[in-house]
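Asker: Quick one: this structure, given as structure tokens, is what I'll be asking you about.
The values are calculated or read from the model by the stated rules, or taken from the named source; none is laboratory data. These figures come from a predicted structure and were not determined experimentally. Note that we place each Cβ from the backbone using ideal geometry, even for glycine, and neighbour counts take in every protein chain shown. Please note that ligands, DNA and RNA were not included when accessible areas were found on the heavy atoms of the full protein model with its side chains. Shrake-Rupley method; radii C 1.70, N 1.55, O 1.52, S 1.80 Å.
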Amino acid sequence: EALLYYQEQDPIKGIYIDFTHYDHQLNYSRTIDGYTYLKAQGMDLLYSMGPTERDMLRTYVEQDQMPVVGSQAREDSYNFPWIFNITTTQMWQGEAPLAWIMETWDYAGKGRAPKIGHQGYPLNSTDQEQLAIDKVLADPAYAGKFVWVGKDVAVMSNTAWSTSYQKFKDCDYVFISTTGNMIATFVSQMRDLGYKGAFVTNGDGFSGYF
């Protein structure tokens with residue numbers, strides 16, 4: 001949508017963006033082939049959402065001096081000269097919302113701590129977000145500030161969430177570290193099944209959902 005806006009509105013006069021894409025279908029064996037294909041199309045800049053792909057392409061983009069923009073970050077990528085991140089790391093995106101929840105929760109009025117769970121998938125983004133949650137859980141300063149319901153890791157492309165609903169139905173907040181169709185079906189089915197709490201996701205989650 002952003003690229004289409006620039007093409008249609010022409011806010012920078014005389015600059016035209018030609019957008020070519022390659023869908024690797026979350027199959028990382030297709031990552032290098034995808035980069036080779038896009039480079040053959042005359043690519044001048046690569047947008048790659050996930051940090052896993054960018055890790056796999058580091059040698060290639062350094063050799064080609066190809067700027068890469070990504071919307072998920074890992075801390076080690078900040079020291080790599082050809083990678084530019086437009087969001088903070090997954091860990092920071094997990095830790096900051098937890099801090100906000102504990103700062104704004106009405107402990108006196110509700111008479112209890114908030115219940116929190118985490119729905120993820122078997123990728124590094126889920127691992128990084130869970131590391132942030134584990135860091136807070138291990139901090140004595142936050143003891144008793146929230147009730148940890150647990151984490152569920154679904155298989156890739158899962159679209160049936162009744163089991164997750166049973167696990168998280170009493171949560172006040174569910175952190176979601178999936179994207180695409182998984183987050184869309186998770187949110188809609190959780191609501192249809194009766195979940196009344198809030199959903200919390202990272203910079204890629206709901207922006208892709210909407």
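Asker: Please enumerate the residues belonging to the stretch 39-71 that are over 21 Å from the mean Cα position of the chain (by Cα), assigned to a helix (DSSP H, G or I) and surrounded by fewer than 17 Cβ atoms within 10 Å (Cβ to Cβ).
Answerer: Listed by number, the residues that qualify are Lys39, Ala40, Thr59, Glu62, Gln63, Asp64.
Asker: While we're on this one: Suppose we keep only residues that are at pLDDT 75 or above, over 15 Å from Val68 (Cα atoms) and in contact with a Ser or Thr (Cβ under 9 Å, 6 or more places away or on another chain) within the stretch 1-36. Which one would you say is least open to solvent (accessible area, probe 1.4 Å)?
Answerer: His24
Asker: Which one of the conditions (1) in contact with a His (Cβ under 6 Å, 6 or more places away or on another chain); (2) crowded, with 20+ Cβ neighbours inside 10 Å does Lys151 fail to meet, given that it meets all the rest?
Answerer: (2) is the only condition that Lys151 fails.
Asker: Within the stretch 139-169, how many residues turn out to be more than 21 Å from Leu123 (Cα to Cα), out of contact with any strand residue (DSSP E or B) (no Cβ under 9 Å at 6 or more places or on another chain) and assigned to a loop (DSSP other than H, G, I, E, B)?
Answerer: 5
Asker: Kindly indicate whether Lys135 is open to solvent by 70 Å² or more (accessible area, probe 1.4 Å), over 13 Å from Val200 (Cβ atoms) and part of a strand (DSSP E or B).
Answerer: No.
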